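Enquirer: Okay, handing you the structure first.
The values are calculated or read from the model by the stated rules, or taken from the named source; none is laboratory data. Nothing here was measured: the structure is a model prediction, and the numbers come from that model. As a convention, Cβ positions derive from the backbone with ideal geometry for all residues, glycine included, and neighbour counts pool all protein chains shown. The protein model used for the area step is the full one, side chains on, heavy atoms only, and it has no ligands, DNA or RNA in it. Shrake-Rupley method; radii C 1.70, N 1.55, O 1.52, S 1.80 Å.
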Amino acid sequence: MRGREGAVHHSSPQLTIANLGELMILITGATGNVGRVVVERLADEGQPVRALSRRPEQAQWPAGVEAVAGDLGDVASVRPALDGVESVFLFPAPEVGAELVAAFEAAGVRHVVLLSSGAVEDGAEAQDGPIATRHHELEQLLRASGMSWTFLRPDTFAVNILPWSYQTKHGDEVRGAYAEAAAPVIHEADIADAVVAALTSEGHAGKAYHLTGPELLTHADQARVIGEVLGRPIRYVEIDVEQVRQQMGAYVPAPILADILKFWARSLEQPHAVSGDVETLTGHKARDFRSWVEAHAEAF
Ligand SMILES: NC(=O)c1ccc[n+]([C@@H]2O[C@H](COP(=O)([O-])OP(=O)(O)OC[C@H]3O[C@@H](n4cnc5c(N)ncnc54)[C@H](OP(=O)(O)O)[C@@H]3O)[C@@H](O)[C@H]2O)c1
């Protein structure tokens, strides 16, 4: 066993950190914002890494990465990818359920790092809204499994605001709901670094980490920082929530959109906490929002 706290079984005395390098790590959601950075980091470190995608032929992986096809909603398609796998980074695709978790366990997977959500509340009688409920369900499935687990619960991804680029490319305003809604937005590279730490270092089993950026920023602050990086003022213009509901409703399912709007409204009354868990896991401070904008400036 790897000495992870909370590891429940699969004791194997010959398995130590010294031979971890020979054990395969499966990354699901490997073409996603987080997953693709995780794959790159692990490949850079020389870890054996297998990247799962529904369309691996369309993905570009660094040398040494094993690309495999699989759909998380079709457990039979994932089974071949589990051969020799010791740890999995689990992307919480809507189709993921008990059958997949059982297949991991049957294949001998020992540790699962779940991309969960900062919306999950420990100890709540009921989770608030579909986003928290869905991630909590997956957490419960893993808690009930015989595998060890680490839950990474990020707050709002900075990358969520990439759609603002349609507005910044055509003007100096970003129009949206709740100018003063605030979150400690997080750089996807910090989430990926946390995933790598939870997959490859000891001491993270049975733990949940709340991952945030280093500072609370309102929508208005975020627009201002984009402007500072671009070298021209960008202003956030608050518009009516119902108008936003109609506009975003074209591409976000109604229950999820209602959850997001409620999440923003609630942040006006109950500011989100800034956590030090990125540093705890990775040994470095969380990247600030400015550095995220600089890394994505071309998009804006
Ligand atoms: N956005 C936020 O603020 C926020 C906050 C907290 C938590 N989260 C969590 O983070 C997730 C987003 O992570 P992300 O941005 O890295 O994801 P992403 O960029 O949306 O990528 C997800 C990847 O998962 C793969 N995928 C989707 N369904 C699949 C399936 N059925 N089988 C196999 N692969 C599948 C897709 O790859 P292929 O097409 O190549 O198969 C896709 O590239 C959210 O869904 C949520 O659970 C988000």
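Enquirer: Checking the conditions here, which among 85, 174, 96 is over 25 Å from residue 256 (Cα atoms) and open to solvent by less than 10 Å² (accessible area, probe 1.4 Å)?
Expert: Numbers: 174 fails: over 25 Å from residue 256 (Cα atoms); 96 fails: over 25 Å from residue 256 (Cα atoms).
Matching residue, one of 85, 174, 96: 85.
Enquirer: Taking only the stretch 90-137 into account, find how many residues are polar (S, T, N, Q) and within 18 Å of residue 204 (Cα to Cα).
Expert: Total satisfying the criteria: 2.
Enquirer: Answer yes if at least one residue in the stretch 31-43 is modelled with pLDDT under 95 and open to solvent by less than 80 Å² (accessible area, probe 1.4 Å), and no otherwise. Spell out how you get there, then give the answer.
Expert: As a first pass, look at the stretch 31-43 and keep what is modelled with pLDDT under 95: none.
No, that holds for no residue.
Enquirer: Do we have any residue at all in the stretch 187-195 that's buried (at least 17 other Cβ atoms within 10 Å of the Cβ), in a loop (DSSP other than H, G, I, E, B) and touching a Phe, Trp or Tyr at 6+ places or on another chain (Cβ under 6 Å)?
Expert: Scanning the stretch 187-195 turns up at least one residue that is buried (at least 17 other Cβ atoms within 10 Å of the Cβ), in a loop (DSSP other than H, G, I, E, B) and touching a Phe, Trp or Tyr at 6+ places or on another chain (Cβ under 6 Å).
Enquirer: Cβ-Cβ under 7 Å, sequence separation 6+ or interchain: first residue in the stretch 154-174 and at pLDDT 95 or above and within 10 Å of the ligand (Cβ to nearest atom), partner of a type in the set (Phe, Trp, Tyr) and assigned to a helix (DSSP H, G or I). Which pairs?
Expert: So the pair list comes out as 158/289; 158/292.
Enquirer: Identify, please: which residue in the stretch 100-141 is surrounded by 14 or more Cβ atoms within 10 Å (Cβ to Cβ) and among the acidic types (Asp, Glu) and is, among those, farthest from residue 183 (Cα to Cα)?
Expert: Checking each candidate, the answer is 105.
Enquirer: Also: Scan the stretch 201-217 residue by residue and report those that are in contact with a Phe, Trp or Tyr (Cβ under 8 Å, 6 or more places away or on another chain) and either of a type in the set (A, V, I, L, M) or part of a strand (DSSP E or B) (or both). First the steps, then the outcome.
Expert: At the first step, the residues of the stretch 201-217 found to be in contact with a Phe, Trp or Tyr (Cβ under 8 Å, 6 or more places away or on another chain) are 205-209, 213, 215, 217.
If the condition is that a residue be in contact with a Phe, Trp or Tyr (Cβ under 8 Å, 6 or more places away or on another chain) and either of a type in the set (A, V, I, L, M) or part of a strand (DSSP E or B) (or both), then 205, 207, 208, 209, 217 are the ones that fit.
Enquirer: Further question on the same structure: Report, by residue number, each residue of the stretch 91-131 that is part of a strand (DSSP E or B) and under 17 Å from residue 34 (Cα atoms).
Expert: 112, 113, 114, 115
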